[in-house]
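None of the figures in this text is laboratory data; all of them are computed from the coordinates on show. All values reported here derive from a predicted model rather than from experimental measurement. Note: ideal-geometry Cβ built from the backbone for every residue, glycine included; neighbour counts use all protein chains shown.
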Amino acid sequence: MIRLLTAFAALVFALPVLASELGDDGLHKAAWFQDTFKDLQEDQAEAQAEGKQLLLIVEQRGCLYCKDMHEGAFMDARVLELLSDVYYPVQINLHGDTEMVDTDGEALSEKNAARKWGVLFTPTMVFLPPEVDFTKPATHQAVAVMPGAFSAGTTLDLMTWVAQKRYLDQSEEDFQRYHARMIRERNDGDTR
């Protein structure tokens, strides 16, 4: 019995380590991130070809909140399913020097793109619409932007709200009302 408990404890403590490894740039490298050249016009075309929606996730080295997301919300099976099946997630380094191409065609470094977009906090999730306008920067056409780390429940609700295109008509239920309803329906106020 002690061996079983020891093995279980080892597994529980190992789960955050299994969540994602750190890359040479200090960012978490989850298996569901798309490995691209960071040409957002090409990434949008690939996302469309796969029937997915482009999602940019801006992170930085040493970000405790990014770590929280990778070990928390991003480990939730419901969130993982959306990240794998519905979204085309591309990681952007807030301070990165890697050249990329914004949706408007401008070539610039990741850090200059983050400045251009006004991203100040990490993680920041930028949800692009299914149809992207290649004359506008990514954040000027985002259907939702989520700066900061949130619980699995909040992350799930925003990802679902975007996937269901609820942003198109918020006259009856904006995201906060939708999220409150989902919390009530889930577990009487449990935000997980």
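Quick one: putting +1 on the C-beta of Lys and Arg, -1 on the C-beta of Asp and Glu, what dipole do you get for the chain around its Cα centre, in Debye to the nearest 20?
720 debye
Of the chymotrypsin sites (Phe, Trp or Tyr not before Pro) in region 54-140, which ones lie in a loop per DSSP and count no more than 16 other C-beta atoms within 10 Å?
Working: sites: Tyr65, Phe74, Tyr87, Trp117, Phe121, Phe127, Phe134; in loops: Phe121, Phe134.
Qualifying residues, ordered by number: Phe121, Phe134.
Across all directions of projection, what mean area in square nanometres is found for the Cα convex hull of region 45-104?
In nm², the orientation-averaged hull projection of region 45-104 is 4.8.
Starting from the amide H of Ile92, placed 1.01 Å from N in the peptide plane, find each other amide H under 5 Å away whose residue is 5 or more places distant or on another chain.
Ile57, Val58, Glu59
In which sequence would Ile183, Ile92, Ile57 go, from the one with the fewest C-beta neighbours within 10 Å to the one with the most? If you can, show how the numbers build up before the last one.
Values: Ile183 17, Ile92 26, Ile57 23.
Lowest count first: Ile183, Ile57, Ile92.
Mind listing the long-range amide H neighbours of Ala30? Cut-off is under 5 Å, sequence gap 5 or more, other chains count too, H placed in the peptide plane at 1.01 Å from N.
Sorted by chain and number, the residues that satisfy this come to none at all.
With the cut-off at 26 Å, tell me which of the pairs Lys111/Lys165; Lys67/Lys136; Lys29/Lys165; Lys38/Lys116 have Cα atoms farther apart than that. Spell out each step's value before the answer.
Working: Lys111/Lys165 29 Å; Lys67/Lys136 31 Å; Lys29/Lys165 28 Å; Lys38/Lys116 16 Å.
Beyond 26 Å: Lys111/Lys165; Lys67/Lys136; Lys29/Lys165.
Taking the alpha-carbon centroid of each part, what is the distance from region 26-78 to region 97-124 in angstrom?
About 14 Å separates the Cα centre of region 26-78 from the one of region 97-124.
Within 10 Å of each candidate Cβ there may be at most 15 other Cβ atoms; applying that plus a DSSP loop requirement, which GluC sites (Glu not before Pro) in region 41-87 survive?
On the way: sites: Glu42, Glu46, Glu50, Glu59, Glu71, Glu81; in loops: Glu50.
For GluC sites (Glu not before Pro) across region 41-87 that sit outside H, G, I, E and B with at most 15 neighbouring Cβ atoms in 10 Å, the list reads Glu50.
Enumerate the whole-percent occupancy of each 5 Å bin, from 0 to the last occupied one, for all C-alpha pair distances of region 38-192.
Answer for region 38-192: a P(r) of 2, 9, 18, 22, 20, 16, 8, 3, 1, 0 percent.
Quick one: what are the phi-derived ³J(HN,Hα) couplings along region 171-181, Karplus 6.51/-1.76/1.60 with θ = phi - 60°, whole Hz, x for glycine and proline?
Karplus-based 3J(HN,Hα) across region 171-181 equals 5, 9, 8, 6, 4, 4, 5, 4, 4, 4, 5 Hz.
Enumerate the calculated ³J(HN,Hα) couplings along region 120-126 in order (Karplus 6.51 cos²θ - 1.76 cosθ + 1.60, θ = phi - 60°), each rounded to whole Hz, writing x wherever the residue is Gly or Pro.
These are the phi-based 3J(HN,Hα) values: 10, 10, 10, x, 10, 9, 10 Hz.
At most 14 other Cβ atoms within 10 Å and a DSSP loop assignment: could you name the GluC sites (Glu not before Pro) in region 88-130 that fit? Mind dumping the intermediate values first?
Details: sites: Glu99, Glu106, Glu110; in loops: Glu106.
Counting only loop positions with at most 14 other Cβ atoms within 10 Å, the GluC sites (Glu not before Pro) in region 88-130 are Glu106.
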